Structures are given as structure tokens and as C-alpha cells.
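Everything on this sheet refers to the single structure shown next.
The values are calculated or read from the model by the stated rules, or taken from the named source; none is laboratory data. Worth saying up front: this structure is predicted, and the values here are computed from it rather than measured. In this analysis, Cβ positions are derived from the backbone assuming ideal geometry, glycine residues included, and neighbour counts consider all displayed protein chains. What goes into the accessible areas is simple: the full protein's heavy atoms, side chains included, and nothing from ligands, DNA or RNA. Shrake-Rupley method; radii C 1.70, N 1.55, O 1.52, S 1.80 Å.
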Amino acid sequence: MKIKVNDQVKILAGKDKGKTGTVLKTLKNKDKVVVDGINIAKRHQKPNNANENGGIIEFPAPIHVSNVKKIEEKETKKATKKETTKKDKK
């Protein structure tokens, strides 16, 4: 996996398509990444010792690495694109 923690990425597919964010965590065994503010999931939590009130907790869920693209860290802030060269057929 070429994407690492603290990389800026652009989302290519899903409900958050087109948004950008920072990678918080990588799950190499599952080929997934957790991006800050992207793919927010909600979990209903019962009251317990750590959380006395309970309620609905929001957290960023993992997204597959094929649905993100690393952003260049230059001034342009464009998503990186692989250079391809086609051989002339003659």
C-alpha cells in the first residue's frame, strides 16, 4: 500500500466522492484506510462507566484503499496521476 498516515487523499468513489482528507490510520491486512471526516458512521451507545449519558457516537469508518488517491503536496493540490506513454504503432 502506497498510502501512509498523514497523507492527503482525495475520495474517488462513494457517498463522499470528491472530498479530501488526511489519513488517520491504515489497515494493511484489510487494504483499508481511515480518513478524517470521511465515511462517518454512527453507533448507538448505552450508558456505561466511561460514557454515563450514552447516546449516538459518530466516528470515521474505514474505506477501501482503491477508492482514494494520494494528493500531491505541491501548490497545485491535484490528485497524482500515473504517467503513461503509448508507443506509436507504425
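(1) open to solvent by 100 Å² or more (accessible area, probe 1.4 Å); (2) not in a loop (DSSP other than H, G, I, E, B): which one isn't true of Lys10, the others all being true? Only one criterion is unmet by Lys10, namely (1). Annotation: of all residues in region 38-86 being open to solvent by 100 Å² or more (accessible area, probe 1.4 Å) and closer than 15 Å to Thr22 by Cβ, the one that is modelled with the highest pLDDT is Glu73. Taking region 24-70 and the strands (runs of 3 or more DSSP E) fully enclosed by it, the elements with 3 or more residues that are within 16 Å of Lys10 (Cβ to Cβ) and touching a residue at least 40 places away in the same chain (Cβ under 8 Å) are at 68-70.
Restricting attention to region 41-52, does a residue exist that is at positive phi and not hydrophobic (A, V, I, L, M, F, W, C)? Within region 41-52, none of the residues are at positive phi and not hydrophobic (A, V, I, L, M, F, W, C).
The conditions are (1) at pLDDT below 95; (2) surrounded by 12 or more Cβ atoms within 10 Å (Cβ to Cβ), and Leu24 fails exactly one of them. Which is it? Every condition holds for Leu24 apart from (1).
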